[in-house]
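J.: Handing you this structure, nothing more for now.
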Ligand code: SF4
């Protein structure tokens, strides 16, 4: 299947978001889903444009609110493969509450955070992912706040799938997104996606020198949550690969009593008052 469309992205040349777009397109093709059964919901930021650049249903939402929309979509039509995408400002500032509760709730969607550790669209301010001491237009003397820690946050919120990729490694990123989309529950994927225009510290070269690829660690076991947290902390969050996976945890929709396999959008909703009363009784 071809998930490309004819819209030319207006990201800066070299932006890490190009690789995220390509990885999602390749992952969707590898899984074998149809474009008409794939929906991408995005937030606001440079990353938010991604929903328009892939041949699938696209919904460019509001800042920090991609996840509620994506979850609603999945609950209304569980036959859709639903992916939410946004930046670190979207997921770890204005939308942090949705990130935590979506992870905890475990509806079967994939969430890709395009983490460039800065606000790119508004031309380079400190984000919740900027490191302590980062100098930007909004913190000219250096940030006095430490960065939020996405992987520990996701694991402690109860995630059944936690991974981290890097735009400089398209093969691994594709594999991670593919596994996340196949996972039956909420999949949290943070991606180091360099902003080549405004972040002159966390560059492709910097990541290549500093990240540890856990795929190359024969002793690492992604089903061991304690080990996952230990590895993440040991390397100060600079790890890539599938960090933690719990294949046993049931997704939210599978736990809703009497939630039908037939998608809501395909059910006859023209109920009389009597029908509606008996419909409600199914949930008692
Ligand atoms: Fe990408 Fe940064 Fe340009 Fe935005 S400003 S498109 S994040 S390189």
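No value in this document is a laboratory result; all are computed from the given coordinates. Note that the coordinates shown come from a computational prediction; the quantities given were computed from them, not determined experimentally. Note: ideal-geometry Cβ built from the backbone for every residue, glycine included; neighbour counts use all protein chains shown.
J.: At 7 Å along Cα-to-Cβ for each site, give me the label-to-label distance between residue 125 and residue 274 in nm.
T.: It works out to 6.0 nm between the two label points.
J.: Next question, about the same structure. Per the helix-only calculation at 222 nm, which mean residue ellipticity applies to the chain, given -39500 (n - 2.57) for every DSSP H run of n ≥ 4 and division by its residues, nearest 500 deg cm²/dmol?
T.: -8500 deg cm²/dmol
J.: Using mean Cβ contacts within 10 Å as the protection proxy, how do 159-172, 60-73, 181-194, 3-16 order, highest first?
T.: Most protected by this proxy first, the peptides run 181-194, 159-172, 60-73, 3-16.
J.: How many angstrom lie between the C-alpha centres of the range 53-117 and the range 218-284?
T.: Taking the Cα centre of the range 218-284 as reference, the centre of the range 53-117 is 14 Å away.
J.: How do 75, 269 rank when sorted from fewest to most other Cβ atoms within 10 Å of their own Cβ?
T.: Placing the least packed residue first, the sequence is 269, 75.
J.: What is the chain's relative contact order, in percent, from Cα pairs under 8 angstrom and six or more apart in sequence?
T.: Here the relative contact order equals 18 percent.
J.: May I ask you to compute the full-extension gain from residue 96 to residue 137, defined as 0.36 nm times their residue separation minus their alpha-carbon distance, rounded to one decimal in nm?
T.: Full extension of this stretch gives 12.4 nm more.
J.: A further question on this structure: Residue 2 versus residue 204, label points 7 Å from Cα toward the beta carbon: distance in nm?
T.: A separation of 2.6 nm, rounded to one decimal place.
J.: Using r as the Cβ-Cβ distance of residue 184 and residue 234, and R0 as 35 Å, what FRET efficiency do you calculate, to the nearest 0.05?
T.: Using R0 = 35 Å, I get an efficiency of 0.75.
J.: Which shape class applies to the range 79-124: rounded if a/c is under 1.5, otherwise prolate when a/b exceeds b/c and oblate if not, where a ≥ b ≥ c are the square roots of the Cα gyration tensor eigenvalues?
T.: Note, shape of the range 79-124 comes out oblate.
J.: Fully extended, how many nm does the chain gain between residue 254 and residue 212 (0.36 nm per residue separation, minus their Cα-Cα distance)?
T.: Using 0.36 nm per residue and subtracting the Cα-Cα distance, I get 11.6 nm.
J.: Next question. Exposure proxy check: 83, 255 ranked by fewest other beta carbons within 10 Å?
T.: If I rank by nearby Cβ atoms, fewest first, I get 255, 83.
J.: Further question on the same structure: For q values of 0.16 Å⁻¹, compute log₁₀ I(q)/I(0) with the Debye formula on a Cα-only model of the range 125-284, without solvent.
T.: With one equal scatterer per Cα and no solvent, log10 I(q)/I(0) is -0.94.
J.: I need the calculated FRET efficiency for the pair residue 226 and residue 63, taking r as the beta carbon distance and R₀ as 45 Å, to the nearest 0.05.
T.: It comes to 0.80.
J.: Given 0.36 nm per residue, what is the gain on full extension from residue 196 to residue 171 after removing their alpha carbon distance, in nm?
T.: Residue separation times 0.36 nm, minus the Cα-Cα distance, leaves 6.9 nm.
J.: Then there's this: Given 25 °C and 0.890 mPa s, how large is the Stokes-Einstein diffusion coefficient of the chain in µm²/s, with Rh as the Kirkwood radius over Cα pairs?
T.: Answer from the Stokes-Einstein relation: 126 µm²/s.
J.: Moving on. Order these peptides, 23-29, 147-153, by their mean beta-carbon neighbour count within 10 angstrom, highest first.
T.: 23-29, 147-153
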